[in-house]
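Working notes, structure below.
The values are calculated or read from the model by the stated rules, or taken from the named source; none is laboratory data. This is a predicted model, so every value here is computed, not measured. Neighbour counts are summed over all protein chains in view; Cβ atoms, including those assigned to glycine, are modelled from backbone coordinates with ideal geometry. For the accessible areas, the whole protein counts, side chains as well, though only heavy atoms, and no ligand, DNA or RNA atoms are used. Shrake-Rupley method; radii C 1.70, N 1.55, O 1.52, S 1.80 Å.
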Amino acid sequence: MTIEYLKRGKSDAERGADDAKTRGVVEATLRDIEERGDVAVRALSEKFDGYAPASFRLSVAEIDALIAKVSPREMADIKFAQENVRRFAQAQRDSMTDIEIEMMPGVILGHKNIPVQSVGCYVPGGKFPMVASAHMSVATASVAGVPRIIACTPPFNGEPNPAVIAAMHLGGAHEIYVLGGIQAVGAMAIGTETIDPVHLLVGPGNAFVAEAKRQLFGRVGIDLFAGPTETMVIADETVDAELCATDLLGQAEHGYNSPCVLLTNSRKLAEETLAEIDRLLEILPTADTARVSWDDYGEVIVCDTYDEMLQVADDIASEHVQVMTDRDDWFLEHMTCYGALFLGPRTNVANGDKVIGTNHTLPTKKAGRYTGGLWVGKYLKTHSYQKITTDAAAAEMGAYGSRLCMLEGFVGHAEQCNVRVRRYGGVNVPYGAGAPARNAAE
């Protein structure tokens, strides 16, 4: 096996040190919010966003005034994207059914899919107003039937961004707050004097938002670990360096710590892509950000075979995986660890980020090994139920249950079963004993 790195990013140890610093900041900030509530939230907003309105929650009149600033063309584009997200989410919801089955005569089991009763949607927007994130979190929650949807987004250039607010409102948010960062997710999860806490937090964010969600998990649910964006391009010589470089830098501009990886079996393509990245960084308006991500987190990996590329890709488990090869469907069939796949040169990660209809809140930091991305099912809880409707079934199930409880030494458990055996089966089981078998075979 030959796997060669033409370029490496920060080591795991260096990335771990960065994570440790973030953990400490987040822990202290969340403790402050818990202790001081609205006072802490306001101080944090002033410190990090320079924003301290009379109320962080937007009124109906304020929402209407902001939406009025969105041009007809922009509003049409927002509605087009949001409708795609809703249609796909609805198709996913329709695939999830309640079930009920009669396991044996008189014994009925089932499950119901019940919406989470309140959700807090975080929509990033301090550096770039993430209009699309409102579709992904708010509109999808609406499709799931969540009865209370609140949404937070930071101010953009010192004020609410009209397009983001429009998308939140159209998506179905019941409460909209202009709050960003740790203070936003902390307030939604912990609650303050003016914000009732939610049951579930969703949405992407920077490293501090992602870490805050991680620390808050348990107190509330979270969708997944969705930190700084990651992208991987898997390519062979069926495509050129311009496509590869553009798709890598298109995601590197998200932030200063956005890993981007080229994985190829063509050394020629790898070298040409490195040169093309250097060229594009001279003309890309967001190069100040993209260059830092590329320098610190960019990697170029050359493998001998497609099987090696598959192995490396599954090990990295990148959030976005752009596949442009002569066997894209082979990767679709065999890859097991990733956030979302973008197959073929005609599509790209930006489609998924903004408009095509799949959800862009996806697992990062190898979380694709154990979870997929945000989808309508994340807002639904599958709860089981059971009922016994006949005396005969109660007695028979009770007898089995009694003996199995005694096998484990749970006498009190066994008595729950025994009282049904005595009452519905007419069998006199001594207190603290297991129910007798009806025949030797049993």
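Annotations
- Given (1) assigned to a helix (DSSP H, G or I); (2) of a type in the set (D, E, K, R); (3) crowded, with 16+ Cβ neighbours inside 10 Å, number of the condition Arg423 does not satisfy: (3)
- Only listed residue being in a loop (DSSP other than H, G, I, E, B) and buried (at least 20 other Cβ atoms within 10 Å of the Cβ), chosen from Ala435, Ala395: Ala435
Residues are listed down the side, and each one gets a yes or a no for (1) assigned to a loop (DSSP other than H, G, I, E, B); (2) under 26 Å from Val239 (Cβ atoms); (3) open to solvent by 60 Å² or more (accessible area, probe 1.4 Å):
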position: Trp330; (1), (2), (3): no, yes, yes
position: Leu341; (1), (2), (3): no, yes, no
position: Ala350; (1), (2), (3): no, yes, no
position: Lys365; (1), (2), (3): yes, no, yes
position: Tyr400; (1), (2), (3): no, no, yes
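- Among residues of the range 26-61, those that are open to solvent by 70 Å² or more (accessible area, probe 1.4 Å), in contact (Cβ under 8 Å) with a residue 40 or more places away in the chain and either within 18 Å of Leu179 (Cβ to Cβ) or not in a helix (DSSP H, G or I) (or both), counted: 3
- Single condition Ile301 does not satisfy, out of (1) open to solvent by 10 Å² or more (accessible area, probe 1.4 Å); (2) farther than 26 Å from Gly205 by Cα; (3) not in a helix (DSSP H, G or I): (1)
- Answer residue from the range 1-45, given it is more than 24 Å from the chain's Cα centre (by Cα) and among the acidic types (Asp, Glu) and is modelled with the lowest pLDDT among those: Glu14
- Just one of the listed residues (Pro155, Pro147, Pro162) is surrounded by fewer than 24 Cβ atoms within 10 Å (Cβ to Cβ) and either modelled with pLDDT under 95 or closer than 23 Å to Trp375 by Cα (or both), namely Pro147.
- Some residue of the range 221-239 being of a type in the set (S, T, N, Q) and buried (at least 24 other Cβ atoms within 10 Å of the Cβ): yes
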